[in-house]
Amino acid sequence: MKKYLLLPITVLFAFQLIAQTAAKAPKAIRLVDKLFNLSGTLSGESAQSLIGLEADDKIIINCTRLSKNGSIGISVKDFNKGTEIYKKDGFDTLRGQTIAIPTKGMYVVRLKTGSLLEKEVQLLVDRIPTAHAAPKATASPDTSSVVLVNTTTRVYAKNSGQGNKTVIKITLPPNTSYWTFWIGAGKSAIDNMKAFTASCATVGDSYPTDPLVLYGMKYISSLPMAPPGAPVSYHFMDTPNSNAFKSNQQYSFYTFKSAERITTEYSFMINHQADLNLGITNESSNIPQDVEVHVVAFVVQPKEK
């Protein structure tokens, strides 16, 4: 009789053990659920998603070509190191591909089509967090980020009659520890930043999605660049000199960062000017330039007494 009583107890214990194990198992987090229109091989373009991961995480990829015919390829790389941890070419469907993540960092999932024509592709990426996942990323316990400038301005040509110079005021908040900026001139540069910003939307809840914040927090080591060729120059200066600059009078500028004839420029700045302006010049005689500017400050919060 005792043997028969042991059986239900053993079964119950087994069910409890399975339930406890299931409860402890990390739940999948959907990072990417997106429909991409991949340009054909003639354009050489690819679509990418940036994801933030911890060491010993796993990601599960499901990828399906929705258009008829053709093939697609996928790769997963460490964004900063360029190390490729997974690659597969020439498929139309990829189901339940599990990839182990070796180190903490930003990874880029990139899609490309092997067809001459544009292809529609559905991509799903799920993260299985490691049991010892880190908390939500911040610049530091007492530092916050503040977006100061996020604008696109048209800088006219020399012969336009409207002036080939413009000034953007940058007001660094009190207790600014450092700041980052990105300048892009022309359609190619602006489109590159727009696409990169969209790809950062998938990094996950543990990381910020603003590219300049990611760069300022050193989660990514670079920002989008475009081939050189735009006739745009920039200098940082105080207000009296920026007024002289716009009036085509003699002026001086800060020497910590400036450049002539750039298409894209970005940097990590540790200085803190109370009076700061960005002066932009279009050196072209006839062609106006659209210039996009992003500035983010990282502010140390005063400690409570």
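Pairing each residue of region 246-259 that is over 12 Å from Gly279 (Cα atoms) with any residue that is at pLDDT below 95, provided the two are 6+ apart or on different chains, yields C-beta distances under 6 Å for Phe256/Asn271.
Inspection of region 55-66 identifies at least one residue that is out of contact with any strand residue (DSSP E or B) (no Cβ under 7 Å at 6 or more places or on another chain) and either modelled with pLDDT under 50 or at positive phi (or both). Residues in region 174-184: is at least one assigned to a loop (DSSP other than H, G, I, E, B) and not assigned by TED's automatic domain parsing to the domain that holds Thr103? Within region 174-184, one or more residues are assigned to a loop (DSSP other than H, G, I, E, B) and not assigned by TED's automatic domain parsing to the domain that holds Thr103. Within region 144-194, the set of residues being free of Cβ contacts under 8 Å to residues at least 60 places away in the same chain and under 24 Å from Asn271 (Cα atoms) is empty.
Reported count of residues in region 134-150, each being surrounded by fewer than 13 Cβ atoms within 10 Å (Cβ to Cβ), at pLDDT 60 or above and outside any strand (DSSP E or B), is 1. Criterion applied to Asn241, Asn248, Asn271 was being out of contact with any helix residue (DSSP H, G or I) (no Cβ under 9 Å at 6 or more places or on another chain) and within 27 Å of Asn80 (Cβ to Cβ), and the one residue passing it is Asn271.
From Ser285, Ser233, Ser242, Ser258, which residue is under 22 Å from Arg154 (Cβ atoms) and in contact with an Asp or Glu (Cβ under 7 Å, 6 or more places away or on another chain)? Spell out how you get there, then give the answer.
Details: Ser285 fails: in contact with an Asp or Glu (Cβ under 7 Å, 6 or more places away or on another chain); Ser242 fails: in contact with an Asp or Glu (Cβ under 7 Å, 6 or more places away or on another chain); Ser258 fails: in contact with an Asp or Glu (Cβ under 7 Å, 6 or more places away or on another chain).
None of the others qualify; the one that does is Ser233.
The residues on offer are Ala274, Ala244, and the sole one that is assigned to a helix (DSSP H, G or I) and aliphatic (A, V, I, L, M) is Ala244.
Do we find that Val300 is surrounded by fewer than 20 Cβ atoms within 10 Å (Cβ to Cβ), hydrophobic (A, V, I, L, M, F, W, C), under 25 Å from the mean Cα position of the chain (by Cα) and over 18 Å from Ser188 (Cα atoms) in this structure?
So Val300 fits the description; yes.
Under 28 Å from Ser145 (Cβ atoms), in a loop (DSSP other than H, G, I, E, B) and out of contact with any helix residue (DSSP H, G or I) (no Cβ under 6 Å at 6 or more places or on another chain): which single residue out of Met225, Met193 fits that description? Steps first, please.
Details: Met193 fails: in a loop (DSSP other than H, G, I, E, B).
Only one candidate qualifies: Met225.
Of the candidates Ala297, Ala226, the single residue that is modelled with pLDDT under 95 and more than 12 Å from Val167 (Cα to Cα) is Ala226.
One residue alone among Ser267, Ser284 is within 28 Å of Ser160 (Cα to Cα) and surrounded by 13 or more Cβ atoms within 10 Å (Cβ to Cβ), and that residue is Ser284.
The values are calculated or read from the model by the stated rules, or taken from the named source; none is laboratory data. This one's a predicted model, so the numbers in the text were calculated from it and none came from an experiment. Methodologically, a virtual Cβ is constructed for each residue, glycine included, from the backbone with ideal geometry; neighbour enumeration extends over all protein chains shown.
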